[in-house]
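Readers should treat all values here as calculations from the given coordinates under stated rules, not as data from a laboratory. What you are looking at is a predicted structure, and each value in this text was computed from that prediction instead of being measured. Cβ coordinates were reconstructed from backbone atoms using ideal geometry, including for glycine residues, and neighbour counts include every protein chain displayed.
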Amino acid sequence: MTTGLTTLCAAYAVAQTELATGPFTAVQVEDGRKAFLARCATCHQANLQGQGDALPLAGRRFMAGWQTRTSQDLYNLIQTSMPQGAPNSLDDQTYANVTAFILYANGAKPGPTLFLRAPPLPIGLIADGIAPGDLNTGTPPVGP
């Protein structure tokens with residue numbers, strides 16, 4: 001129990017000292033945007049609002065279910081369940097990039113650490129559910 005609490009405190013401290021930057025880089029967001037549009041947008045839509053059985057991946061509904069879960073929880077779920085009918089069919093980096101794009105679509109800002117090297121952070125510490133203005137423009141996000 002102490003180890004879990006220590007890890008959570010360390011993750012919280014990282015989020016606070018980095019002014020809530022996400023555990024991903026701007027390059028990962030761009031690569032994730034491309035992968036998302038190619039592999040995920042058919043079901044989840046380019047604006048990440050979902051349709052039919054495909055749940056929204058951005059906004060209030062997403063944050064209501066994910067704000068207390070971690071960035072690693074999101075990565076793990078995507079990897080083990082997507083793309084539909086072919087889970088775990090992409091490489092680890094592509095899953096990390098898609099996760100970075102989804103976090104960015106929820107207001108998390110890129111930071112200096114690559115996703116697969118970053119500690120898991122509670123999504124509510126790094127994202128607010130408000131999409132950036134450049135979400136679907138292909139304009140690179142500002143950040144390291």
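Each of the peptides 49-60, 67-78 was scored by the mean count of other Cβ atoms within 10 Å over its residues; in descending order, highest first, they stand as 67-78, 49-60.
Residues whose amide H lies under 5 Å from that of LEU57, counting only those 5 or more places away or on a different chain, are GLN49, GLY50; hydrogens are built 1.01 Å from N in the peptide plane.
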